[in-house]
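Only one structure is covered here, and it is reproduced in the block below.
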Amino acid sequence: MNGHRHVSLTTALFLTTIVAISALLTAAKEPVPSLEGYWKGSGIVSHKGANDRVECRVRYKRASDRSFSYTATCAMESGKYDLTGSVTNTSGSRYSGTVVGGSEGSRETGRVFLIQRGKLLSVSVTSRSGSARMTLFKLS
C-alpha cells in the first residue's frame, strides 16, 4: 500500500510539473496585437523624384489568427487612391504583406511593412515606382 501511495504521489508531482511548464510556455508567448479596426494618418509618398504629402484612412479586418486584410483610401494633391491588401504578423508587433492599388486605370502592387506600438502604426510601402512612409493612429 505504501508503494501504491508513492506511485500516486510521483504521478501527481509529474502531472503538476507538466501543467506548470505548460502554463509558463503559454504565458511566455507574446500575444499578437490586433490591427482590427479603423486607422487614420499621414505621411510622405516619394514618386518619380518628388515627395508628396498623403493622408490615409485604413480599415483592417482579421483574416486569420495572425493575418489581416485591409482597404484604404489615400488622398494626395494629385488625386485619391483606393488600396487593398493583406498583412501577416511576422513577430511581436511586426507585420509584412502586400498592397494593390493606384488611381483609376493604373494599378500597381507593392510590399507593406508595419510596426504597431499600441494605437500607433508605422507604415512603410515600397513598389517599383516609389515608396511611402506614414504614421497611422487607431480610431476604434
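Derivation of every value follows stated rules applied to the coordinates shown; laboratory data play no part. No experiment lies behind these values; they were computed from the predicted model shown. Positions of Cβ are generated from backbone atoms using ideal geometry, with glycine treated the same way; all protein chains shown enter the neighbour counts.
At a glance:
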| read-out | value |
| --- | --- |
| Long-range HN-HN contacts of Val54 with modeled amide H, under 5 Å | Gly43, Ile44, Val45 |
| In sequence order, calculated HN-Hα J values of region 36-49 (Karplus, 6.51, -1.76, 1.60; Hz; x Gly/Pro) | 3, x, 9, 10, 8, x, 8, x, 10, 10, 9, 8, 6, x |
| Positive-end extreme of charge dipole, region 94-140 - chosen from Ala132, Ser122, Gly101 (charges on Cβ) | Ser122 |
| Added length on full extension, which subtracts the Cα-Cα distance from 0.36 nm per residue, Glu55 to Ser96 | 12.7 nm |
